[in-house]
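The values are calculated or read from the model by the stated rules, or taken from the named source; none is laboratory data. Since the structure is predicted, the reported quantities are computational estimates derived from the model, not experimental observations. Here the Cβ is made from the backbone with ideal geometry for all residues, glycine too, and neighbour counts use every protein chain on show.
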Amino acid sequence: MHILITGAGGFVGAALVSRLLAGAGPAFTRLTLVDRQFSALPDDPRVTALAGDIADTGIWADALANGGADLVFHLASVPGGLAERDFDLGMAANLGGTLGLLDALRRQQSPARLVFASSVAVYGDPLPDQVDDATPARPGLSYGMQKLVGELLVTDYSRRGFIDGSSLRLPGIVARPPAPSGLISAFMSEVMWAARDHRPVCLPVSEQGVCWWMSVKASVDALLHAAALPGQGRVWLPPVLRLTLGELVAALTDRFGAFDVTYAPDPVVEAKFARQPPLIATAARAAGFRDDGDVAGLITAAVG
Ligand SMILES: NC(=O)c1ccc[n+]([C@@H]2O[C@H](COP(=O)([O-])OP(=O)(O)OC[C@H]3O[C@@H](n4cnc5c(N)ncnc54)[C@H](O)[C@@H]3O)[C@@H](O)[C@H]2O)c1
């Protein structure tokens, strides 16, 4: 089994690599990691790391050398804020990179299983009163459009038998290590690290603002679960926790003690990330996808 992970040096990718090397998911003999760069690499003879740009189609010849890939996690992506500021960059990585990968996979002998990290950004804003499996996608950012087109490509390439792929519409994932990320939703991780490290934090949303939450552990669980199911071009909307900032801050205070939180709502951030309606993930729940359970479980899985 040869597993290929794009975006393997990123927040979710690195967690996925660690879990696979620790024995979660399918057994494998080769693990190929692709990213622009890697800050640290696992010392494991099964691992090959390729530093390069997925917008450059030449990278796939190396990544898929010696028989192609059996399972691909396609996580490489320019984040939403950056893709909005730099249209060319977002299109090259998020659309060009996905198309280049799928076309390279199309040329290998047997169809690879593929899991594409899509995003709830495909829904745009304002969101309807409820988001569920029937909610139409109407992206409000170029990033959301790029993810939606990626899903359509994965579904069509699967229908044609070129791959056996599925897409996973991930929500904001916590807790990303504190560093500039280009993510508009960065406050969701910052509040968790501030609580754990007893630092003051100013949030660009209101205390009543309600968000969808998923830990990086739950996101890796979901990716591995999607990989274990037949792809068939499915688009999964995984279950999430829905909590207000006030509820999260109260639980963080219970866990780590009091910390200094101020709220300075930015209407744009509030509208995009803190007015999330109930998310009803009927199909994914029935297929065995799980959320973090409760707020205590979310905090443990996100920041320990
Ligand atoms: N983290 C979240 O909150 C969240 C939410 C919804 C969807 N997603 C999706 O999940 C996936 C993983 O997210 P993440 O948080 O790990 O993101 P990340 O930004 O931490 O990691 C993405 C990785 O992709 C790499 N990359 C970007 N452009 C590239 C290119 N042209 N060539 C090669 N590598 C490139 C980056 O270097 C980075 O290491 C992404 O596709 C993201 O869009 C994430």
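Please determine whether any residue of region 64-81 is hydroxyl-bearing (Ser, Thr, Tyr), crowded, with 21+ Cβ neighbours inside 10 Å and assigned to a loop (DSSP other than H, G, I, E, B).
Within region 64-81, one or more residues are hydroxyl-bearing (Ser, Thr, Tyr), crowded, with 21+ Cβ neighbours inside 10 Å and assigned to a loop (DSSP other than H, G, I, E, B).
Would you point out which residue out of HIS198, HIS225 is on the phi > 0 side of the Ramachandran plot and modelled with pLDDT of 95 or more?
Answer to the selection: HIS198.
Looking only at region 48-74, which residues are away from the ligand (no atom under 12 Å from the Cβ) and either touching an Asp or Glu at 6+ places or on another chain (Cβ under 6 Å) or closer than 24 Å to ALA218 by Cα (or both)?
Residues satisfying the conditions are ASP70, LEU71, VAL72.
Can you report the number of residues in region 13-39 which are within 12 Å of the ligand (Cβ to nearest atom) and either in contact with a Cys (Cβ under 6 Å, 6 or more places away or on another chain) or assigned to a loop (DSSP other than H, G, I, E, B) (or both)?
Total meeting the criteria: 4.
So, of the residues in region 153-196 that are of a type in the set (Asp, Glu) and in contact (Cβ under 8 Å) with a residue 24 or more places away in the chain, which turns out to be surrounded by the fewest Cβ atoms within 10 Å (Cβ to Cβ)?
Among residues in region 153-196 that are of a type in the set (Asp, Glu) and in contact (Cβ under 8 Å) with a residue 24 or more places away in the chain, the one surrounded by the fewest Cβ atoms within 10 Å (Cβ to Cβ) is ASP156.
Filter region 271-304 down to residues that are surrounded by fewer than 16 Cβ atoms within 10 Å (Cβ to Cβ) and acidic (Asp, Glu), then give me how many there are.
Total satisfying the criteria: 1.
Please verify whether PRO267 is out of contact with any helix residue (DSSP H, G or I) (no Cβ under 9 Å at 6 or more places or on another chain) and not aliphatic (A, V, I, L, M), treating the condition exactly as stated. If you could, list the steps in order and put the result at the bottom.
Numbers: out of contact with any helix residue (DSSP H, G or I) (no Cβ under 9 Å at 6 or more places or on another chain): yes; not aliphatic (A, V, I, L, M): yes.
For PRO267, the condition - out of contact with any helix residue (DSSP H, G or I) (no Cβ under 9 Å at 6 or more places or on another chain) and not aliphatic (A, V, I, L, M) - is met.
Of all residues in region 52-76, how many are within 20 Å of the chain's Cα centre (by Cα) and under 20 Å from LEU21 (Cα atoms)?
Counting residues in region 52-76 that are within 20 Å of the chain's Cα centre (by Cα) and under 20 Å from LEU21 (Cα atoms) gives 6.
Specify which of the listed residues (MET145, MET188, MET192) is under 26 Å from ASP266 (Cβ atoms), in contact with a Cys (Cβ under 8 Å, 6 or more places away or on another chain) and at pLDDT 95 or above.
That would be MET188, the only listed residue that is under 26 Å from ASP266 (Cβ atoms), in contact with a Cys (Cβ under 8 Å, 6 or more places away or on another chain) and at pLDDT 95 or above.
Output the number of the condition that ASP88 fails; it satisfies all remaining conditions of (1) touching a strand residue (DSSP E or B) at 6+ places or on another chain (Cβ under 9 Å); (2) closer than 28 Å to LYS272 by Cβ.
(1)
Looking at VAL78, is it within 14 Å of the ligand (Cβ to nearest atom), under 19 Å from ALA186 (Cβ atoms) and among the aliphatic types (A, V, I, L, M)?
Spelling it out, VAL78 is indeed within 14 Å of the ligand (Cβ to nearest atom), under 19 Å from ALA186 (Cβ atoms) and among the aliphatic types (A, V, I, L, M).
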